[in-house]
Each structure stands twice: as structure tokens, then as C-alpha cells.
Amino acid sequence: MRNASSTRLFLFAGLLLAVALVLFVSPFANPNPDGFNRVAIDEGFAETETDHGLNESPLADYAVSGVDHEGLSKGLSGVIGVLATLALGLALFAFARKRRESDPAHARGEEA
């Protein structure tokens with residue numbers, strides 16, 4: 001059990017670090033255009049840009065709609081992204097574990 005508890009501690013510390021980074025560092029991200037936007041501006045086709053289908057989503061443009069403070073909005077969107085990624089990862093690992101445990105060869109101790 002010591003191995004499982006140290007793994008949980010490691011994962012919790014990683015999650016805590018990720019949340020701290022998105023809350024306290026992301027508000028200071030460079031506001032200048034990223035590489036793709038910079039090339040579009042430099043090459044003169046940025047004005048042909050159109051909105052995509054998710055432009056009005058609650059987390060569009062790295063912000064949480066309804067939160068007026070820009071830094072807090074960016075940080076919260078980062079936390080939501082970290083938690084969503086964690087949930088997806090845990091779900092995939094749980095699915096893989098369940099599938100592996102239900103494999104008859106694995107149950108007999110055979111190598112796949």
C-alpha cells in the first residue's frame with residue numbers, strides 16, 4: 001500500500017502545482033499574438049478570419065464568460081481545463097484497467 005499512497009501523493013502534488021500555475025502565472029501570459037496569428041497579420045490575411053462554432057462557448061478565448069476580471073477569468077479557465085484533462089485521463093485509465101482485468105489471458109497470468 002505504501003506504493004499506492006506515494007503515487008497518490010505524487011499525483012496530488014502535480015495537480016496542485018498545475019492549478020497553482022494556471023491560477024497565478026497564466027494571468028501574466030504574453031498578450032501579443034501567437035505564432036499563427038502573427039503570421040496571418042504579417043502576411044496580410046488576418047482580416048479574412050471568421051468566427052468558429054465554439055466562439056460563444058463559456059470558455060472561448062481562454063476566459064470564463066461572466067467573469068469581468070481578466071486575470072481571474074484566464075486563471076479559472078485554466079483550472080477548468082486542468083480539471084477536465086484530469087477527469088478525461090482518469091476515465092481513460094479506468095477504462096483501460098477495466099478492459100485489462102476483463103481480458104481472460106490477463107486473468108490467467110499470461111502475457112499478451
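The values are calculated or read from the model by the stated rules, or taken from the named source; none is laboratory data. This structure is a prediction, so every number in the text was calculated from the model and none was measured. When we count neighbours, we look across all protein chains shown, and the Cβ atoms used for this are built from the backbone with ideal geometry, even at glycine. SASA here: full protein model, heavy atoms, side chains in, ligands and nucleic acids out. Shrake-Rupley method; radii C 1.70, N 1.55, O 1.52, S 1.80 Å.
Scan segment 63-74 for residues that are part of a helix (DSSP H, G or I) and either touching a Pro at 6+ places or on another chain (Cβ under 7 Å) or of a type outside the set (S, T, Y) (or both) and the total you get is 4. Evaluate the following for L88: is it out of contact with any Gly (no Cβ under 8 Å at 6 or more places or on another chain), among the aliphatic types (A, V, I, L, M) and open to solvent by 80 Å² or more (accessible area, probe 1.4 Å)? Criteria met by L88.
The one condition from (1) touching a Leu at 6+ places or on another chain (Cβ under 9 Å); (2) assigned to a loop (DSSP other than H, G, I, E, B); (3) of a type in the set (S, T, N, Q) that S77 does not meet is (2). Of all residues in segment 60-82, those satisfying the criterion of being among the small types (G, A, S) and out of contact with any helix residue (DSSP H, G or I) (no Cβ under 6 Å at 6 or more places or on another chain) are A60, S65, G66, S73, G81.
Listed by first and then second residue, the pairs linking a residue in segment 57-68 that is within 16 Å of L23 (Cα to Cα) to a residue that is exposed (fewer than 14 other Cβ atoms within 10 Å of the Cβ) and not polar (S, T, N, Q), with Cβ atoms under 7 Å apart and 6 or more places separating them unless they lie on different chains, are V64/P58. Going through segment 16-62 one residue at a time, which ones are open to solvent by 90 Å² or more (accessible area, probe 1.4 Å), closer than 16 Å to I80 by Cβ and part of a loop (DSSP other than H, G, I, E, B)? Correct list: L54 only.
In the set (1) open to solvent by 100 Å² or more (accessible area, probe 1.4 Å); (2) of a type in the set (D, E); (3) at pLDDT below 85, D103 fails one condition alone, (1).
Within segment 63-82, can you find the residues that are surrounded by fewer than 14 Cβ atoms within 10 Å (Cβ to Cβ) and either of a type in the set (S, T, N, Q) or at negative phi (or both)? Once the filter is applied, which keeps residues that are surrounded by fewer than 14 Cβ atoms within 10 Å (Cβ to Cβ) and either of a type in the set (S, T, N, Q) or at negative phi (or both), segment 63-82 yields S65, D68, H69, E70.
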